[in-house]
Amino acid sequence: MLRQEHTILKQLFHAFARLEHRPGGRDREAGLVGQICLGLSLHEQTEDEVFFPAVLAACGNASAIRHITSGHTRVRSLIARLDEMEPGDPGHDATVAALGACVSGHIDEEESFLFSRLAGMDTALIGRAMVLRQRELRANIVAADPHPGANDVPSWPATCHVVDDWQPPESVSADPDRR
């Protein structure tokens, strides 16, 4: 699931870099940045709440986990900055580029260092817990948004439905107590 989300995030940043940033394309640009920010927020919050605590419990390397999660603070700061900007504002594109660079480095580090240390962990169970948490977070977003159409908030990004479509491997029971 994390690899799928990483791939989608990279694709979204790549799509943003290919956009022709001109006045007529601002709605598309804003929509793409919105998908990036929503996806990153959901992704990182579930990593922080579910994935990293599970990895820490299994491998016990707190300093490595702290190092890898330190990038999340920078990402949250850049997302907050983008929330205050509109496409075309001075620094908007540079902030998206900085966010992309930060995320790319984090993904590379996570996949090359951390994923290799997951042997023996029930990653399907962790993935299932992350999916459930992301669904909760999306439901909270919908409940908190008072404008009409709030129930139309898509999974991130709207074109992929990774969270909604993700299922653990068939070899894993739906009941975690029957493993």
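Since every read-out is calculated from the coordinates, none of them should be taken as a lab result. Note that this is a predicted model, so its numbers are computed, not measured. Here the Cβ is made from the backbone with ideal geometry for all residues, glycine too, and neighbour counts use every protein chain on show.
Just a few scattered comments:
- Cα-only Debye scattering, the stretch 10-92: base-10 log of I(q)/I(0) at q = 0.11, 0.12 Å⁻¹: -0.40, -0.46
- Compared with the direct C-alpha span, the chain from residue 84 to residue 132 gains 14.3 nm at full extension, assuming 0.36 nm per residue.
- The packing ranking, built from the mean of other Cβ atoms within 10 Å per residue, places the peptides 55-62, 101-108 in the order 101-108, 55-62, highest first.
- The Stokes-Einstein estimate for the stretch 28-154, based on a Kirkwood radius over Cα pairs and taken at 4 °C with 1.567 mPa s viscosity, is a diffusion coefficient of 80 µm²/s.
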